[in-house]
């Protein structure tokens, strides 16, 4: 009997199944016993790593609309991982400089060249994603140009990207974006 009392106390503490489902972004169409859970269209959509990277390249020149924090930070992880490989090549070249002077220099130049090429290829998609992330936080997208300021710009943009989504950010949606939400 003591076990039943603790279970019912836990049930009161955590709320009903309907409350839990609502907190997770679901709405119940019927009473809990017969409930068919449907996704609440107003709840934030969860996005995974592959979806975020796919959207990053597909929306590379789209500056309208919004991007969630999750989408932004998954792409930031992807960009960091992509930039690690040229860095490894450069570090390898630098560590070989004493004994293998010519190949070491070639590795450094190759690594730096690949890094610059990747940075240029990801410049416009990254600017677009940052622009849309700022829109989601209800900040005008042109604040993304703060990133041009060395060091301080990166810190400021990172802080702005951490801001939560705000309903006022819907003003940056186009009519077709608003119809899809």
Practice item. Check whether at least one residue in the range 39-58 is in a loop (DSSP other than H, G, I, E, B), surrounded by fewer than 13 Cβ atoms within 10 Å (Cβ to Cβ), at pLDDT 90 or above and out of contact with any strand residue (DSSP E or B) (no Cβ under 8 Å at 6 or more places or on another chain), and report yes or no. Key: yes
Exercise for review: Looking at (1) exposed (fewer than 12 other Cβ atoms within 10 Å of the Cβ); (2) at pLDDT 85 or above; (3) part of a helix (DSSP H, G or I), find the lone condition where residue 110 falls short.
Suggested key: (1)
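Of the residues 93, 141, which is in the same structural domain as residue 68 (by TED's automatic domain parsing), within 18 Å of residue 68 (Cα to Cα), surrounded by 13 or more Cβ atoms within 10 Å (Cβ to Cβ) and at pLDDT below 90?
Values: 93 fails: within 18 Å of residue 68 (Cα to Cα).
None of the others qualify; the one that does is 141.
Out of curiosity, is residue 85 in a helix (DSSP H, G or I) and touching a helix residue (DSSP H, G or I) at 6+ places or on another chain (Cβ under 8 Å)? Full working, then the answer.
On the way: in a helix (DSSP H, G or I): yes; touching a helix residue (DSSP H, G or I) at 6+ places or on another chain (Cβ under 8 Å): yes.
Judged against the criteria, residue 85 is a match.
The values are calculated or read from the model by the stated rules, or taken from the named source; none is laboratory data. What you are looking at is a predicted structure, and each value in this text was computed from that prediction instead of being measured. Cβ atoms come from the backbone with ideal geometry, glycine included; neighbour counts cover every protein chain shown.
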